[in-house]
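I have placed the structure first, in the form of structure tokens, so that the comments after it can refer back to it.
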Amino acid sequence: MPTVLDLTNRYNVQYSAKAGRNVPTTTGKLGILPGQYTLQRDGMTGAFSLANAFGTLPGSTLAAATAATNATTLETLHFANHLHVKTDLRWRRMYHYKNRPFRFKRANGNYITQQLPSFPCHYCGIYLPEEFIEVDHRQPQASPGSAIIKVLRSINAGYTGGASVGTKAGQIADLEANNVGVLNTVDVSEYDWNVAWQAGVGFMTPRAARYTLSSQGQTFLTICCMLWGSLAVEKRCLNSIINLVPACRMCNGAQGKGSKLYAVQ
């Protein structure tokens with residue numbers, strides 16, 4: 001996991017990427033911060049900041065120890081393959097995994113009930129056997145910038161203009177420490193059944209301050225890109241336990257209940 005020494009050594013590599021990074025709310029994509037800002041390291045304190053020819057970006061100074069700690073959290077909470085989260089005990093606890101009765105019709109016309117491991121869909125609440133549950137990226141793969149902001153603000157409230165409000169964000173320390181038994185469960189979204197099942201909405205409504213990186217958040221994002229590269233940072237955030245939820249087939253899609261719920265409710 002990244003240490004202060006790792007950050008320092010990577011910074012000292014001549015060609016490591018140090019251009020300031022940001023996620024504009026207008027694009028939802030990770031990009032270069034306007035103004036020709038670059039990552040700087042204070043030789044006395046070791047703190048990082050963003051600066052250009054006119055000076056240091058106000059509020060961008062970040063202690064190296066904080067950056068290393070938060071980068072370790074980011075690394076710890078992600079999965080190389082998002083499907084692997086289905087076997088994670090923390091995720092199972094938070095999303096109500098348990099054996100439940102399911103009724104099957106037999107060839108002779110009778111019915112039989114079997115106990116099967118299952119999850120409720122996070123969006124509509126329908127219970128399905130584990131094999132039929134899909135893993136949905138809460139912030140979609142088509143817009144990795146929103147996943148980056150969601151994960152960064154969950155790790156450190158100072159990285160965005162507004163603090164996280166979700167259940168998972170309030171128990172980051174227990175998630176990182178693998179304290180399965182104390183984790184709170186995440187309520188289903190309880191879709192409004194009076195709204196059409198499918199509708200032409202695949203967009204994300206703006207969350208204003210909560211979806212705007214602070215100057216310090218831009219510094220941390222720049223450090224992460226310096227460490228791993230932009231694509232790897234996107235993957236770490238998209239496949240973070242913070243960004244993954246169980247969903248049925250209907251809800252998991254650009255036109256399903258998941259996107260409908262997220263866009264307008």
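Before moving on, here are some points about what is shown:
- The residues of segment 214-225 that are touching a Phe, Trp or Tyr at 6+ places or on another chain (Cβ under 7 Å) and either surrounded by fewer than 24 Cβ atoms within 10 Å (Cβ to Cβ) or not β-branched (V, I, T) (or both), listed by number, are S214, Q216, G217, F220.
Residue-by-condition table, conditions (1) at positive phi; (2) exposed (fewer than 15 other Cβ atoms within 10 Å of the Cβ); (3) in contact with a Leu (Cβ under 8 Å, 6 or more places away or on another chain):
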| residue | (1), (2), (3) |
| --- | --- |
| L5 | no, yes, no |
| R10 | no, no, yes |
| G20 | no, no, yes |
| V23 | no, no, yes |
| K29 | no, no, no |
| Q36 | yes, yes, no |
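- Looking across segment 18-55, the residues that are assigned to a loop (DSSP other than H, G, I, E, B), among the hydrophobic types (A, V, I, L, M, F, W, C) and free of Cβ contacts under 8 Å to residues at least 24 places away in the same chain come down to M44, A47, A53, F54.
For every residue, the table says whether it meets (1) in contact with a Gly (Cβ under 9 Å, 6 or more places away or on another chain); (2) at pLDDT below 95; (3) within 21 Å of T160 (Cβ to Cβ); (4) of a type in the set (G, A, S).
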site: Q14; (1), (2), (3), (4): no, yes, no, no
site: L39; (1), (2), (3), (4): yes, no, yes, no
site: L50; (1), (2), (3), (4): yes, no, yes, no
site: P58; (1), (2), (3), (4): no, no, yes, no
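- Annotation note: Cβ proximity below 7 Å between a residue of segment 127-149 that is in contact (Cβ under 8 Å) with a residue 40 or more places away in the chain and a residue that is surrounded by fewer than 18 Cβ atoms within 10 Å (Cβ to Cβ) and assigned to a helix (DSSP H, G or I) (sequence gap 6+ or interchain) occurs for V135/L83.
- Of all residues in segment 2-17, those that are in contact with a Ser or Thr (Cβ under 7 Å, 6 or more places away or on another chain) and either assigned to a loop (DSSP other than H, G, I, E, B) or of a type in the set (F, W, Y) (or both) total 1.
Table: residues versus (1) modelled with pLDDT of 95 or more; (2) over 22 Å from F119 (Cβ atoms); (3) outside any helix (DSSP H, G or I).
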{"site": "M204", "(1), (2), (3)": "no, yes, yes"}
{"site": "G217", "(1), (2), (3)": "yes, yes, no"}
{"site": "F220", "(1), (2), (3)": "yes, yes, no"}
{"site": "V233", "(1), (2), (3)": "yes, yes, no"}
{"site": "P246", "(1), (2), (3)": "yes, no, yes"}
{"site": "C251", "(1), (2), (3)": "no, no, yes"}
{"site": "S259", "(1), (2), (3)": "no, no, no"}
{"site": "Y262", "(1), (2), (3)": "no, no, no"}
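For (1) over 30 Å from R138 (Cα atoms); (2) touching a strand residue (DSSP E or B) at 6+ places or on another chain (Cβ under 6 Å); (3) not basic (K, R), each residue gets a yes or a no:
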| residue | (1), (2), (3) |
| --- | --- |
| Q36 | yes, yes, yes |
| D42 | yes, no, yes |
| F48 | yes, yes, yes |
| F54 | yes, no, yes |
| P58 | yes, no, yes |
| L74 | no, no, yes |
| N81 | no, no, yes |
| V85 | no, yes, yes |
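- Filter result for L7 (of a type outside the set (D, E) and touching a Lys or Arg at 6+ places or on another chain (Cβ under 8 Å)): no
- In summary, P58 fulfils each of the numbered conditions (1) outside any helix (DSSP H, G or I); (2) more than 29 Å from V4 (Cα to Cα); (3) in contact (Cβ under 8 Å) with a residue 12 or more places away in the chain with the single exception of condition (2).
The values are calculated or read from the model by the stated rules, or taken from the named source; none is laboratory data. Being a predicted model, the structure only gives us computed values, none of them experimental. As a convention, Cβ positions derive from the backbone with ideal geometry for all residues, glycine included, and neighbour counts pool all protein chains shown.
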